[in-house]
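Student: Would you mind keeping the following structure in view while I ask a few things?
The values are calculated or read from the model by the stated rules, or taken from the named source; none is laboratory data. Keep in mind that this is a model prediction, so the values were computed, not measured. Using ideal geometry, Cβ is built from the backbone for each residue, glycine included, and neighbour counts are taken over all protein chains shown. For accessibility, only protein heavy atoms count, side chains too; no ligands or nucleic acids. Shrake-Rupley method; radii C 1.70, N 1.55, O 1.52, S 1.80 Å.
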Amino acid sequence: MLQFLQRFFKLESAPGILLFIFAVLAMMLANSPLKSHYFDFLDIPIAIRVSSFEINKTLIHWVNDGFMAVFFVLVGMEVKREMAEGSLASYRQAIFPALAAVGGMIVPALIYAFITRSHAELANGWAIPMATDIAFALGIVGLLGSRVPLPLKVFLLALAIIDDLGAIVVIALFYSEELSMPALTVAVFAIAGLLTLNRLRMGHLCGYLLFGTILWASVLKSGVHATLAGVIIGFCIPLKDREGNSPLHIFEHAMAPWCSFFILPLFAFANAGVFLGSVDCSLVLSALPMGIALGLLIGKPLGVFGFSFLAVKSGLAKLPEGTNFKQIFAIAVLCGIGFTMSMFLASLAFEGESDSAVNTLSRLGILLGSSVSAIIGYLILKAVTQPVKN
């Protein structure tokens, strides 16, 4: 058993498989006789109090505001590394996935807006189908192993990273609440502390952890979403310290397994549980789930592939070496796997929504669009790639 687990966790597709397992488990529990225990578990109140400062949230909010902030620390470090020495390090490398990512954000949002145009109460959900779940998408690609060219995997990784940056900008601009100036003031001092440590090229992570925790708590209280603190922390971790070591690489290597095998599966378990008892066919075909599902299933491929095709034909960019447009289209379909990131944006878009049906239908649309995108994307990618001959 231990050897099986060791082999499993070494698989490239393991994070995506684990996400799927925990999402299915959540769906099963939410629609079983144990559903009350499942939802009561997510509503357990957890409070932290230091003198007059208090953070009091339910477990699901701790997962979404706390653990996901840790995940965004990793995202921030990945973006910084790719911009410094990876697939986004030069204009020539970055322009193709960047344009594809922009298309993959604009077109799904437009499709959602068009389908929900007669429902003003749903307007805030336009960003939900913009996101790509990098773990799930790379997990599907990993199922095909070495038959998928490395440049194609790099293209998907770079596109998803830029996609995450777009989600971060959307969260900052559109999903922040009424701002608290005292909390923002504390956040500014915390950022100054992080920048000072970065400027001094301090390699020990304790200082970053201290200022990062203060930043997260103050941003949480400020009305700006706390995950933005995670991105800032990630960007402040230095690539090189005074001894020539790379704190960013060390910290990223340490955090990646925790995010892949604990935080994201926990998020999926907490957010994928949709009770279907009150959902009939007419609701499934209503504007909200259809806007999200079609945004992911049609908008993502249309935007990613359409912008990619135009970028190459106009001479702005070139196809990654060893790839073709059929393979780019397959990746574009896989980009319709929104899942965790889409659910995260849905939790922000309809936060505090009194009508639980809105939350249920938004998650149903995400599950529907992501599942169909995963199946179709896998089949197309398998058809347009060839097994590597030994």
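Student: Sketch the reach of a paramagnetic label on A256 as a point 7 Å from Cα along Cα-to-Cβ, and name the residues of region 50-87 whose backbone nitrogen lies under 14 Å away.
Tutor: 74-82, 86-87
Student: Around I134, under 10 Å between beta carbons, what's the net of Lys plus Arg minus Asp minus Glu among the other residues?
Tutor: Neighbourhood net charge equals -4.
Student: Here is a further query. Helix hunt in the chain: which complete DSSP H runs extend at least 20 Å axially by C-alpha with mean Kyte-Doolittle at least 0.0?
Tutor: Those that clear 20 Å and a mean of 0.0 are 14-30, 68-85, 91-115, 150-174, 181-199, 206-222, 356-384.
Student: When the helix-only estimate is applied to the chain (DSSP H runs of n ≥ 4, each -39,500 (n - 2.57), divided by the residue count), what is the mean residue ellipticity at 222 nm, nearest 500 deg cm²/dmol?
Tutor: It comes out at -21000 deg cm²/dmol, rounded to the nearest 500.
Student: Would you mind classifying region 153-237 by shape? Square roots of the alpha carbon gyration tensor eigenvalues, ordered a ≥ b ≥ c; an a/c under 1.5 is rounded, otherwise it is prolate if a/b is larger than b/c and oblate if not.
Tutor: Oblate is the answer for region 153-237, as a/c is 1.5 or above yet b/c matches or exceeds a/b.
Student: Kindly identify region 245-390 as rounded, prolate or oblate by the Cα gyration tensor criterion: order the square roots of the eigenvalues as a ≥ b ≥ c, call it rounded if a/c is under 1.5, otherwise compare a/b with b/c, prolate if a/b is larger, else oblate.
Tutor: Since a/c reaches 1.5 but b/c is at least a/b, the shape of region 245-390 is classed as oblate.
Student: Rolling a 1.4 angstrom probe over the protein chains, ignoring ligands and nucleic acids, what is the accessible area of K35 in square angstrom, nearest 10?
Tutor: Solvent-accessible area, nearest 10 Å²: 80 Å².
Student: Lys and Arg at +1, Asp and Glu at -1: add these up for the other residues within a Cβ distance under 13 Å of F344 and post the number.
Tutor: That works out to -4.
Student: Let me ask something additional. Can you give the net charge of the other residues whose Cβ lies under 13 Å from the Cβ of S260, counting K and R as +1 and D and E as -1?
Tutor: -3
Student: In addition: Given +1 on the Cβ of Lys and Arg, -1 on the Cβ of Asp and Glu, and no further charges, what dipole in debye does the chain carry about its Cα centre, rounded to the nearest 20?
Tutor: Dipole magnitude for the chain comes out near 1240 debye.
Student: Considering amide H positions built from the backbone, and no H for Pro or chain starts, which residues 5 or more places from T58, or on another chain, come under 5 Å of its amide H?
Tutor: Answer set, sorted by chain and number: I46.
Student: For the chain, set up a GNM with springs between Cα atoms under 10 Å and report which of S146, S90, S278 has the largest fluctuation.
Tutor: Looking only at S146, S90, S278, the largest GNM fluctuation is found for S278.
Student: Accessible area of region 1-104 with a 1.4 Å probe: how many percent of it is carbon plus sulfur?
Tutor: 68
Student: Can you list the lysines whose alpha carbon is less than 21 Å from that of K80, not counting same-chain residues fewer than 8 positions off?
Tutor: Candidates past the 8-residue exclusion: K153, K240.
Student: Roughly what would the spin-label model give for F114 and R49, points 7 Å off Cα along C-beta, in nm?
Tutor: 5.4
Student: Show which lysines lie in cross-link reach of K57 when reach means a straight Cα distance below 30 angstrom and same-chain residues fewer than eight apart are skipped.
Tutor: Reachable lysines: K35, K221.
Student: In square angstrom, what is the accessible area per residue of the chain with a 1.4 angstrom probe?
Tutor: 47
Student: Run the accessible area of region 278-390 with a 1.4 Å probe and give the carbon-and-sulfur part as a rounded percent.
Tutor: With neighbouring chains kept in place, the figure for region 278-390 is 64 percent.
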